[in-house]
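Asks: Before I ask anything, here is the structure I am working with.
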């Protein structure tokens, strides 16, 4: 199921996707299943990678943030949802994961 994209996509989600694809070659090839602009002040990111196997949340976040070093701090601040999971974890979606894949209408 692809995310129901609500806002027009800007350059920032495209740059996020490019940075993540470099660091996580096993990332989904459909950009909208990895990153999208939810509303004018919010970008959602979902990274599913085997590279996260046996890594803590802190280690996973460090790996993702290293991949996004090309972004400014203002652009990083727009990332309001960051999901990081292994393919095995993604097969058992949480409520947050389901919200990423099928977003509710934004209030802004």
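Where a number appears in this text, it was derived from the coordinates with a stated rule and is not lab data. As the structure is a computational prediction, the values presented were derived from the model and not from experiment. Methodologically, a virtual Cβ is constructed for each residue, glycine included, from the backbone with ideal geometry; neighbour enumeration extends over all protein chains shown.
Asks: For the chain, what does the helix formula give at 222 nm: sum of -39500 (n - 2.57) over DSSP H segments with n ≥ 4, over the residue count, nearest 500 deg cm²/dmol?
Replies: It lands at -10000 deg cm²/dmol.
Asks: Further question on the same structure: For 97, 102, which order do you get if you count the other beta carbons within 10 Å of each Cβ and list the fewest first?
Replies: Ordered from fewest to most neighbouring Cβ atoms within 10 Å, 97, 102 come out as 102, 97.
Asks: Separate question: Which residue, 16, 76, 43, has the most motion in a Gaussian network model of the chain that connects Cα atoms within less than 10 Å?
Replies: In this elastic network of the chain, the residue with the biggest mean-square fluctuation among 16, 76, 43 is 76.
Asks: Kindly work out what percent of the DSSP beta bridges joining two residues of region 11-101 are antiparallel, to the nearest 5.
Replies: The answer is about 40 percent antiparallel.
Asks: Separate question: So, in nm, how far is label residue 99 from label residue 9 when the simple model puts each one 7 Å beyond its Cα toward the Cβ?
Replies: So the label points at residue 99 and residue 9 sit 2.2 nm apart.
Asks: With labels modelled as points extended 7 Å from the Cα through the Cβ direction, what inter-label distance (nm, one decimal) is found for residue 91 paired with residue 29?
Replies: Each label point lies 7 Å from its Cα, and together they span 2.2 nm.
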